[in-house]
Amino acid sequence: MAQKPKVDPHVGRLGYLQALVTEFQETESQDAKEQVLANLANFAYDPSNYQYLRQLQVLDLFLDSLSEENETLVEFAIGGLCNLCSDRANQEHILQTGGVPLIINCLSSPNEETVLSAVTTIMYLSSPGPGSHPELTATPVVQCMLRFSLSANTRLRNLAQVFLEDFCSPSQVAEARRRPAHSALGIPLPRTEAPQQP
């Protein structure tokens with residue numbers, strides 16, 4: 001009796017991801033782009049998809065989207081990068097393709113979710129150890145984290161405090177405190193008042 005050919009269940013997933021990437025590249029609709037990028041960011045949460053996402057150059061698609069004027073696209077793109085960043089190969093790709101300045105720029109976003117994802121991504125990229133990529137703990141970034149550590153947003157405040165304690169040396173923090181605050185990337189001071197309840 002002939003054996004059934006083995007079917008790789010992942011082929012279907014690769015095809016689906018390829019279709020998403022193609023749709024993103026070809027559609028003129030901002031709504032469609034947002035929907036596709038949100039889907040890709042969700043797929044980036046699953047480590048079993050990392051290989052396919054690298055193969056389809058989705059990391060570059062996310063990085064390119066960080067320069068969009070559409071804040072929703074930026075939010076989904078940095079969210080996708082944040083999801084991918086726990087993987088060493090993905091970290092290396094971001095670091096080697098000049099992704100760090102694009103991610104740091106997201107710290108000045110008016111969208112808190114974008115800022116949270118950017119801070120988390122910077123922490124992942126810093127994880128090989130303090131000093132391995134000095135741009136991640138440059139003085140303007142540290143100043144930014146000092147300001148975020150005063151935020152009314154508990155998640156942002158806590159993330160910033162962890163970054164300052166675990167990824168920065170005491171001398172880096174001291175230097176950032178000494179520098180004039182206006183040199184901090186043009187990042188607006190986080191809101192310190194509690195958000196209004198509906």
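The values are calculated or read from the model by the stated rules, or taken from the named source; none is laboratory data. Computed from a prediction, not measured in an experiment: that's the story for all the values here. Note that each Cβ is placed from the backbone with ideal geometry, even for glycine, and that neighbours are counted across all protein chains shown.
The table that follows gives values for the structure above.
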quantity: Enumerated helices (runs of 4 or more DSSP H) restricted to the range 138-198, each holding at least 3 residues that are at pLDDT 95 or above and closer than 19 Å to Ala118 by Cα; calculated: 139-148, 154-166
quantity: Flag for Leu107 being within 26 Å of Asn153 (Cα to Cα), assigned to a helix (DSSP H, G or I) and touching a residue at least 60 places away in the same chain (Cβ under 8 Å); calculated: yes
quantity: Hits in the range 43-65 - residues which are surrounded by fewer than 21 Cβ atoms within 10 Å (Cβ to Cβ) and within 13 Å of the chain's Cα centre (by Cα); calculated: Tyr45, Asp60, Leu61, Asp64
quantity: Criterion violated by Glu68 - all others in (1) more than 27 Å from Leu14 (Cα to Cα); (2) without any contact (Cβ under 8 Å) to a residue 12 or more places away in the chain satisfied; calculated: (1)
quantity: In the range 128-137, residue modelled with the highest pLDDT [restricted to those that are part of a helix (DSSP H, G or I) and not β-branched (Val, Ile, Thr)]; calculated: Leu136
quantity: Filtered residues of the range 14-42 (kept if surrounded by fewer than 16 Cβ atoms within 10 Å (Cβ to Cβ) and among the aromatic types (Phe, Trp, Tyr)); calculated: Tyr16
quantity: Residue match in the range 75-86 (condition: over 26 Å from Pro170 (Cβ atoms), over 10 Å from the mean Cα position of the chain (by Cα) and surrounded by fewer than 22 Cβ atoms within 10 Å (Cβ to Cβ)); calculated: yes
quantity: Those residues of the range 107-122 which are closer than 17 Å to Ala44 by Cβ, of a type outside the set (Ser, Thr, Tyr) and surrounded by fewer than 23 Cβ atoms within 10 Å (Cβ to Cβ), in sequence order; calculated: Glu113, Leu116
quantity: Options Leu14, Leu20, Leu63, Leu81: the member that is more than 16 Å from Thr121 (Cα to Cα), in contact with a helix residue (DSSP H, G or I) (Cβ under 6 Å, 6 or more places away or on another chain), hydrophobic (A, V, I, L, M, F, W, C) and modelled with pLDDT of 95 or more; calculated: Leu20
